[in-house]
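To start, the structure under review is shown below, and the notes come after it.
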Amino acid sequence: MTDTAVQTAPGREGRMTYGLFAVAIFTSAALVFAVQPMVAKLVLPQLGGSPSVWNTSMVFFQAALLAGYGYAHGLQRIGSIRLQVAVHLALLAAAALFLPLHVSGLFGDPDPAAPIGWLLATLALSVGAPFAVLSATAPLLQAWFARVRAGTPEGRNPYVLYAASNLGSFLALLAYPLLIEPLATLGGQRAGWSAGYGVFILMVAGLAFVVWRTRGLAQEPPRLATSPALSWRDRGILVLLAAAPSSLMLGVTTHLSTDVASAPFLWVAPLALYLLTFVIAFQTRPAIPIWATLLLQAALASACVMLVAFRTGFWPMLFAVHLATFFFTALMCHQLLAERRPAPDRLTEFYLLMSLGGVIGGAFTALLAPVIFKMVWEYPLVLVLVGLARPPLTRPVQRNEIILFVAALLVAAIPPLLSAVFRANWDLAWAFNRVLPWGMQQLAIVILGVSAICAFLLRDRGPAFVIILAAMALSSHYIARGYDARFTDRSFFGVMKVAETTDPRLGGPVHVLMHGTTLHGAQARDPARACQPTLYYAPSTPLGQAALSLRDRPGAVIGVVGQGSGALAAYKRASDSLTFFEIDPMVDRMSRDPRWFTFISTCADGPIRTVLGDARLTLGKEARGTYDLLVIDAFSSDAVPTHLLTREAVGLYLSLLKPDGVVVLHLSNRNLEITLPAQAAAQALGVPALHQVYVEDPDAPEMAEASTEALILSPTEAGLARFRADGRWNQLQETQVRPWTDDYVNLIGSLWRHLTQ
């Protein structure tokens, strides 16, 4: 077939061919990206709900995407499109043998000390084959389209179909948290996706049949003319431009999900925006021109770097700033990437290099950075360094630019200097706050705003722009560090920090255990007060009340999910048995180290057992009917493990109790309303429950106690009798909220109730 023959083909046939390819690519992309949050959610219960589950899963998916793109690139060595189609259909059919979707149990339960290898291997065995073959479809079909429509305007720019691919991905990701997750069970989702996969195989077969029957295309399309090979420099630039947005996507996901919940509705937002930038960048006429992208990226990056260390405040505003900055930074990189796209004959190589960059960026953030950095530095680091990708000015540096640069650095140094002065002189700090009643963080933001303006004005001087942003990031992190850190360590489950503050009414120094912005325990260092349980575990709180209620039971058996600083160990008597169920080995080490906390090593009367692993897995191995008290203290942490609050989970807790035993669900949470799903689970199980919201005493020492919300349940009314007699516990009105189950969780509803209550 000649190019002339193709050019004279009727316009209707050309439009039909384009439409068929676009629909097939759209469908494959929708399947590829709908499965990602679905599968990550399937494995989440075995790894405690950590945000790192999603990031590690994303690295796997990026690696599988790279494998798919590598296969698509290698398949181009076969000259016949007919043979390529036959091979691809055969592999699609073979991969269907791994359906329906499920989490393979071949590798057993994960080792909490080294879960990454288990997660990657389990994903590879569970979903690797269908995902990799599906992911190859987009570049394959674009390459086929370029040959089928060779010589036509659309054939010379098959990259436009990449917008259809990313549009399918984008819509699938939006549909998951908004429609699929709230409306369908996990079983229904798995079945629906498997059915969609089967339909797609039929679609590819039908596409091949229609294309070959199309008038003027009865013969094998010609090979495309060979263009000059890409230089290694060009390849390196393409890889780096793809790596930066991939790294930032996982970085911003961790940053945002750490303070709310490890859940698909948060995971998909950065990924959806990431895909939307591809849609815009690869349009024939981008909806956002590159000059506007560069302008907005500079302004947002300057503001975001200034705020990145501050995680408290009005979180919807912080979400908006971080997501907008990520969107325009990713769009900038992808538009610069699109400007460098090669001729159609090198299309699959281009996508292979892009995919390689995605794997490198994702692996840096999810796998390498936690080993290199004790703190989460990878997100601000890449956010700063990506400024070097901005197109530079060619004119000589001006005197006013040098002045702006020096002024920005000097201003950025002011907040740390002020903080050091105030820490050394509390009287001066008190006097300053009376004149200007701002906290140090608010004052730092105002001051750093000047540096941010200077950075924006120097946005086209890449090195200067990056240096100013780096100075702002260091300054803000110094201010936001809060308490004086004594020890910091990092694991798969997050960054844990032991810090020291001063509470004179608790005898002076107090050690606090922090994960993100959440306090997981505090202990006075004064020996006279060291064994006094504090914060959520103080005797006055619901958790403390439950522990004290066992005083009339010799030999009480107590289980606690979530070890923290080990404060509940202070209630243990010699005759009692106490077991902590903790997923993070690092937490166990820190709480048992007498340099930091002594609740377990000194205050507890007798040995304390710790069982490592996800609580659903480890509690399932405990003897039924043996516990007097179970405390489920996993929901006030930064990421909410929803699988510990389902009807099945609550049923497991109740089965472990003695007939008059109780389980206390600690439901304090800053961002989600989780009391009603817990109450709904109790209703569904037909067991009695009482509720309490304890408000901390404003006259108590700062670290002595904390406001606490809890729900207490028992298999029998006898178990709750002593608590019904206590006026602090109340009966809740029956709720119409649907209980969460292992097959259904609606975090969007939980977030909405929190925002509107």
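Structure notes:
- Treating each Cα of the stretch 504-654 as one equal point scatterer and applying the Debye formula with no solvent, the log10 of I(q)/I(0) at q = 0.12, 0.20 Å⁻¹ comes out as -0.48, -1.37.
- Ranked from largest to smallest solvent-accessible area, with a 1.4 Å probe on the protein heavy atoms, Lys374, Lys572 come out as Lys374, Lys572.
- Cα-Cα pairs of the stretch 666-740 separated by more than 15 Å (percent): 60 percent
- Annotation: the antiparallel percentage among DSSP beta bridges lying fully within the chain is about 65.
- Here the contact order of the stretch 77-173, divided by its residue count and restricted to Cα pairs under 8 Å and six or more residues apart, works out to 22 percent.
- Of Leu755, Ser565, Phe350, farthest towards positive along the dipole that unit charges on Lys, Arg, Asp, Glu beta carbons give the chain: Phe350
- The chain: angle of helix 51-75 to the longest principal axis, Cα-based, in degrees nearest 10: 20 degrees
- Dipole orientation for the stretch 306-422: of the candidates Met306, Ala407, Val386, Ala407 has the Cα lying most toward the positive pole (charges on Cβ; Lys, Arg +1; Asp, Glu -1).
- Measuring against 32 Å, Cα to Cα, the residue pairs Lys374/Lys572; Lys497/Lys572; Lys41/Lys497; Lys572/Lys621 contain Lys374/Lys572 as the ones spanning a longer distance.
- Cα convex hull of the stretch 61-163, projected area averaged across orientations, nm²: 7.9 nm²
- Whole-percent carbon and sulfur share, accessible surface of the chain, 1.4 Å: 65 percent
- Normalised per residue, the volume of the convex hull around the Cα set of the stretch 648-706 (Å³): 122 Å³
- Taking the longest Cα principal axis of the chain as reference, the axis of helix 675-685 is set at about 80 degrees.
- Accessible area expressed per residue, the chain, with surrounding protein chains retained (probe 1.4 Å, Å²): 38 Å²
- Charge dipole magnitude, Cβ of K and R +1, D and E -1 - the chain, Cα centre, debye nearest 20: 2120 debye
- Computed on the Cα trace of the stretch 503-593, the radius of gyration divided by the Kirkwood hydrodynamic radius gives Rg/Rh = 0.96.
- Three-way shape call for the chain based on the alpha-carbon gyration tensor, with the a/c threshold at 1.5: oblate
- Angle between the chain longest axis and helix 160-175 axis [Cα atoms, degrees, rounded to 10]: 20 degrees
- Fraction of the pair-distance distribution of the stretch 587-651 above 14 Å, Cα-Cα pairs, percent: 70 percent
- By accessible area with a 1.4 Å probe, ligands and nucleic acids excluded, highest first: order of Arg589, Arg190: Arg589, Arg190
- Mean Cα-pair separation over length for the chain, i.e. relative contact order, pairs under 8 Å, 6 or more apart, %: 13 percent
- Each DSSP beta bridge with both residues in the stretch 602-757 is either parallel or antiparallel, and the antiparallel ones are about 70%.
- Long-range tail of P(r) for the stretch 622-757 (Cα pairs > 19 Å, %): 51 percent
- A convex hull fitted to the Cα coordinates of the stretch 325-383 yields 80 cubic angstrom per residue.
- Across the stretch 112-207, counting alpha-carbon atoms alone, Rg and Dmax equal 17.3, 57 Å.
- Computed from the Cα positions only, the extents of the stretch 21-113 along the three principal axes stand at 49, 27, 22 Å, in decreasing order.
- Asp503, Asp660, ranked by accessible area, largest first (probe 1.4 Å): Asp660, Asp503
- Contact order normalised by residue count of the stretch 45-133, Cα under 8 Å, 6+ apart, percent: 45 percent
- Unpaired cysteine residues in the chain (no second Cys Cβ under 4.7 Å): Cys304, Cys333, Cys454.
- For the pair Ala420 and Asp605 in one chain, pulling the backbone fully straight at 0.36 nm per residue adds 62.4 nm over the alpha carbon distance.
The values are calculated or read from the model by the stated rules, or taken from the named source; none is laboratory data. All figures in this text were calculated on a predicted structure; none of them were measured in a lab. Cβ sites come from the backbone with ideal geometry, for glycine too, and all protein chains shown count toward neighbours. To get the accessible areas, we keep the full protein, side chains included, count just its heavy atoms, and leave off ligands, DNA and RNA. Shrake-Rupley method; radii C 1.70, N 1.55, O 1.52, S 1.80 Å.
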